[in-house]
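Notes to accompany the following structure.
Quick note: the coordinates plus some simple rules give every number you see, no bench work behind them. Small disclaimer: the values here were computed from a predicted structure and weren't measured. Because the Cβ atoms are built from the backbone with ideal geometry, glycine has one as well, and the counts that use them run over all protein chains shown.
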Amino acid sequence: MKKRILNFMLFGALTTALVVTGCDKNDDPDPNPDPNADRWITVAGALMGTTPGDGNGGTKVYAVSKENAKDPNYSINVYDEGFSVKSERTARLQSSEDGKTLFNIAYVGDNGGEFSRYRVNGGSNFVQEDVTVNIAQYASTSPRWVKLFDGDKTGIAVNVAGIAANNASDATQPFAYYRGTATVLALDLQEVLIRRYKQYQIPLTTDEELLGHCIFRLDAPVLNKAANKLIIGTWMQKRNPATGQTESSFTRLGTKSVVVDYPSLENPTVITSTVGHGDCCGYRSFNSFVADDGNIYQATQRETSGGSRILKINQSNVYDNSYVFSLDAALGVSNVYVDCWRYAGNGKAYILYSHDDAASDYIAYLDLNAKTAVKVADIAYDADLNFGQYQGILVSGDEVYIAVTPVGKDGNIYILNSKTGAVTKGAKLVNKAGNHYIGIF
């Protein structure tokens with residue numbers, strides 16, 4: 001009996017020791033794990049075509065771990081060691097939220113308009129999946145497109161083609177407008193197929209059209225918080241009603257966006273800002289973002305005067321003209337031009353910009369609620385730094401990754417903390433004559 005009791009006591013003591021050992025504080029789970037701690041950081045570089053910095057020679061990519069991306073002693077040479085993605089000129093790239101898939105639509109050339117998807121395996125190991133679809137017949141061989149923030153489900157491509165006067169084929173009719181045919185196309189990124197597309201003309205007001213104003217380009221669509229409307233940026237143009245010639249200098253209208261129903265892509269309407277008068281299509285990257293407050297914030301380009309602004313579109317899908325955020329006023333310079341920007345959460349954002357008399361292109365840290373902007377210090381700015389073709393700013397948690405390389409010169413990845421504003425210099429980016437790095441995905 002005593003032996004049985006002793007054995008039971010020994011077993012209990014051993015079990016208790018195992019439980020205590022198993023509950024060691026070092027084994028406690030991280031209360032705030034980083035869901036993307038193991039994501040790949042894909043760096044993209046544009047090759048020179050005929051002139052330095054034109055980016056027309058194609059695109060190469062290279063993927064590294066977060067640890068290597070943050071290491072200033074680690075070097076990345078995308079031009080000698082990277083993978084060439086499909087595109088005759090600069091590829092239009094997007095990445096999945098976990099960084100493990102790269103999406104691309106080739107820009108011009110024999111395969112222009114072809115969507116492809118790559119598995120990211122690190123280094124130059126990008127494996128093209130055996131799924132493609134070409135949207136060229138709907139949105140041309142040079143479509144503008146972005147990935148919606150909907151869990152990697154949808155890409156939206158847009159285009160305007162065939163701008164002509166209403167009386168182009170019958171001069172006896174009075175002139176009424178110049179219009180092109182707009183295409184809005186939804187691409188299923190998972191099934192790799194065209195989910196739906198719509199084509200239509202998008203009229204302005206009668207008075208605006210009689211003066212020759214028209215929508216020249218659509219770009220940078222964003223899905224609103226309610227997920228029932230797409231807001232699409234525009235680049236406006238004016239043509240001489242008598243000659244049909246494009247006018248380079250004209251009195252701009254208020255900034256305009258096109259709103260369409262989602263997911264049907266039907267019922268296009270135009271909304272107009274009285275605060276901004278520039279275009280809001282961006283260039284090769286996102287240009288409108290849904291912030292934590294549920295409103296959409298949008299940058300302008302090509303303002304008549306006063307430089308780029310940040311505009312606000314409320315949850316009723318109209319411009320909030322009481323929101324006035326002039327980047328010229330906030331930064332204390334003249335004619336700010338936003339090349340690329342990214343919302344980073346908690347009302348904070350970063351812009352890549354130039355301005356009059358600037359010795360370089362710069363990065364600024366924005367507070368959208370306070371309407372403040374501060375140039376980011378501790379960056380190696382250079383006279384040959386040009387963000388004009390920049391595509392990809394990566395936001396991963398509180399960290400914002402930006403590639404900073406002057407044309408033809410080495411540079412670095414910089415990691416910016418959107419909560420604290422802190423700046424960390426990361427991996428070295430090895431460059432080649434005429435080339436520059438255009439994004440991190």
Would you work out which of S396, I296, V430 lies farthest towards the positive end of the dipole of the chain? Charges go on Cβ: Lys and Arg +1, Asp and Glu -1.
-> S396
Report, ordered by chain and residue number, the aspartates and glutamates lying within cross-link reach of K238, taken as a straight Cα distance under 14 Å and ignoring same-chain residues fewer than 8 apart.
-> D207, E208, E209, E247, D279
Neighbour-limited loop hits for GluC sites (Glu not before Pro), the stretch 150-254 (at most 14 other Cβ within 10 Å; DSSP other than H, G, I, E, B) = E191, E247
Could you give log10 I(q)/I(0) at q = 0.17, 0.21 Å⁻¹ for the stretch 114-247, computed by the Debye formula over C-alpha point scatterers of equal weight, without solvent?
-> -0.93, -1.20
Charge sum, other residues only, whose C-beta stays under 11 Å from D328's C-beta, Lys/Arg counted +1 and Asp/Glu -1 | -1
Karplus ³J(HN,Hα) for the stretch 84-99 (6.51 cos²θ - 1.76 cosθ + 1.60, θ = phi - 60°; Hz, whole; x = Gly/Pro) runs 8, 8, 5, 3, 6, 10, 6, 5, 9, 9, 9, 10, 5, 5, 8, x
Helix 2-22 versus the longest principal axis of the chain: what is the Cα-based angle in degrees, 0 to 90, to the nearest 10?
-> 30 degrees
Using alpha carbon coordinates only, what is the Rg to Rh ratio of the stretch 215-283, with Rh defined as the Kirkwood radius?
-> 1.04
So, counting K/R as plus one and D/E as minus one, what does the shell of residues with Cβ under 12 Å around T59 add up to?
-> +4
Straight-line reach from K225: which aspartates and glutamates have a Cα under 14 Å away, not including same-chain ones fewer than 8 places off?
-> D150, D261, D292, D293
The aspartates and glutamates whose Cα lies under 16 Å from the Cα of K409, excluding any fewer than 8 residues away in the same chain, are D54, D80, D361, D382, D384
Neighbour cut-off at most 12 other Cβ (10 Å), DSSP loop, chymotrypsin sites (Phe, Trp or Tyr not before Pro), the stretch 117-194 | none
With the charge dipole of the chain built from beta-carbon charges (+1 for Lys and Arg, -1 for Asp and Glu) about the Cα centre, the Cα from L416, S140, A161 projecting farthest to the positive end belongs to L416
Under 15 Å, Cβ to Cβ, from T300 - net charge with Lys/Arg +1 and Asp/Glu -1 | +1
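Assigning unit charges at the beta carbon (Lys, Arg +1; Asp, Glu -1) and nothing else, what dipole magnitude in debye, to the nearest 20, does the stretch 36-440 show about its Cα centre? Walk me through the numbers on the way to the answer.
On the way: 37 positive and 42 negative charges, 51 e Å.
In total the dipole reaches around 240 debye.
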Gap in Å between the Cα centre of the stretch 329-347 and the Cα centre of the stretch 241-272?
-> 24 Å
Could you work out the helix-only [θ] at 222 nm for the chain, with each DSSP H run of four or more residues adding -39,500 (n - 2.57) and the total divided by the number of residues, to the nearest 500 deg cm²/dmol?
-> -2500 deg cm²/dmol
Report, largest value first, the span of the C-alpha coordinates of the stretch 323-439 along each principal axis, in whole Å.
-> 43, 34, 22
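Out of the DSSP beta bridges found with both residues in the chain, what percent are antiparallel (nearest 5)? Don't jump to the answer; show the numbers that get you there.
On the way: 111 of 114 bridges.
If we restrict to bridges inside the chain, about 95 percent are antiparallel.
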For the chain, state what percent of all Cα-Cα pairs lands in each successive 20 Å bin, counting from 0 Å until the bin that includes the largest distance.
-> 24, 54, 15, 5, 2, 0
In this structure, among K86/K371; K256/K348; K198/K348; K198/K371; K147/K432, pairs with alpha-carbon gaps over 32 Å are K86/K371; K198/K348; K198/K371
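Which loop-located trypsin sites (Lys or Arg not before Pro) does the stretch 334-441 contain, where loop means any DSSP state but H, G, I, E or B and the Cβ has at most 15 other Cβ atoms within 10 Å?
K371, K419
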